[in-house]
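J.: This structure is in structure tokens; I'll ask about it shortly.
Please treat every number below as a calculation from the coordinates, not as lab data. All values reported here derive from a predicted model rather than from experimental measurement. Positions of Cβ are backbone-derived with ideal geometry, glycine not excepted, and every protein chain shown enters the neighbour counts.
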Amino acid sequence: MRFKIVILLFTFSILKIFATGQEPDKIIINNKEYDLLNNPLEKYFQNHPEYHPIYGPKLSEFQKYRNGERMLSFSTSNSRDYIATFTIEKNILSVVDIKIQDLNSENEDYISVYKQLFGDQKIVLDYSGILVIPTGDLIETANFGYSYLFTQYKLMTINKDNVVKEKELNKDEFMKFRFTQFREYKKSEDYKIELKNYLKNWEAEKKSELSPENIKKMSKKEMAQLKKEYAQPPTEDHIDGYFFVSQNPDFIIVDY
């Protein structure tokens with residue numbers, strides 16, 4: 001119970017502090033389009049980087065980004081630099097469109113590049129995970145990742161692109177699912193890697209913040225406050241709260 005209370009308190013506090021909320025991918029089910037609070041193409045692009053619309057070689061206008069340089073997006077609300085649209089047909093998950101922002105647009109318009117990337121070939125995503133699809137009303141507006149709260153959700157468990165389970169959940173049932181999934185995520189190697197990187201980044205931030213160059217113009221009171229903030233590394237509760245709202249462990253498949 002303490003775990004849930006700490007996570008909830010941290011979640012609702014961090015939502016007020018951090019930015020920016022992300023533009024979701026889309027999914028079409030029974031001819032109706034929904035927001036999708038997962039990004040199934042991210043793993044696909046990790047395994048097939050040649051098809052990435054920005055960092056791959058397919059689109060010549062983005063050649064300068066092939067060395068890994070970060071694209072300066074029109075909006076920080078889309079850190080992926082694309083919006084994908086998926087469908088569920090005959091219980092199979094498929095991608096049917098990929099849009100990116102038009103570099104020549106002054107209105108942040110999106111244009112489809114699916115044909116340029118894939119032509120007429122059928123894409124096998126080989127995705128396994130739990131899709132989160134909000135179907136109810138928005139309760140809490142967030143400015144961090146996909147940490148929005150809705151009255152109703154549809155969850156779909158996918159195994160290698162095949163739907164093996166789906167269920168409608170209310171808000172309370174969804175939060176129970178999230179806690180269960182997060183507990184399992186903490187047991188994974190991915191969590192250990194993220195934790196190691198988080199602490200490494202914290203140490204680097206501490207070194208920078210407490211550097212002579214940074215504190216030379218501070219008052220004694222300001223320096224004392226800053227040193228107090230970095231006196232101890234983040235607690236497990238703090239880190240778990242941050243990961244709970246920032247990570248999307250859709251690959252952790254649990255019952256719901």
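J.: Which semi-axis lengths, in whole Å and largest first, follow from the square roots of five times the eigenvalues of the Cα gyration tensor of segment 105-256?
T.: 38, 23, 18
J.: Round to the nearest 0.05 the FRET efficiency obtained for Asp137 and Lys216 when R0 = 35 Å and r is the Cβ-Cβ distance.
T.: Once the sixth-power term is evaluated, E becomes 0.10.
J.: Hey, fewest Cβ within 10 Å first, where do Glu89, Glu189, Glu166 land in order?
T.: Lowest to highest Cβ neighbour count: Glu189, Glu89, Glu166.
J.: Based on other C-beta atoms within 10 Å, arrange Val113, Val124, Val163 from fewest to most.
T.: Val124, Val163, Val113
J.: Near Lys216, which lysines are there with a Cα under 24 Å away, not counting those fewer than 8 places off in the same chain?
T.: Straight-distance partners of Lys216: Lys206, Lys207, Lys227, Lys228.
J.: Going by Cα centres, segment 96-140 and segment 182-256 are how many Å apart?
T.: If we compute the Cα centre of each part, the gap is 31 Å.
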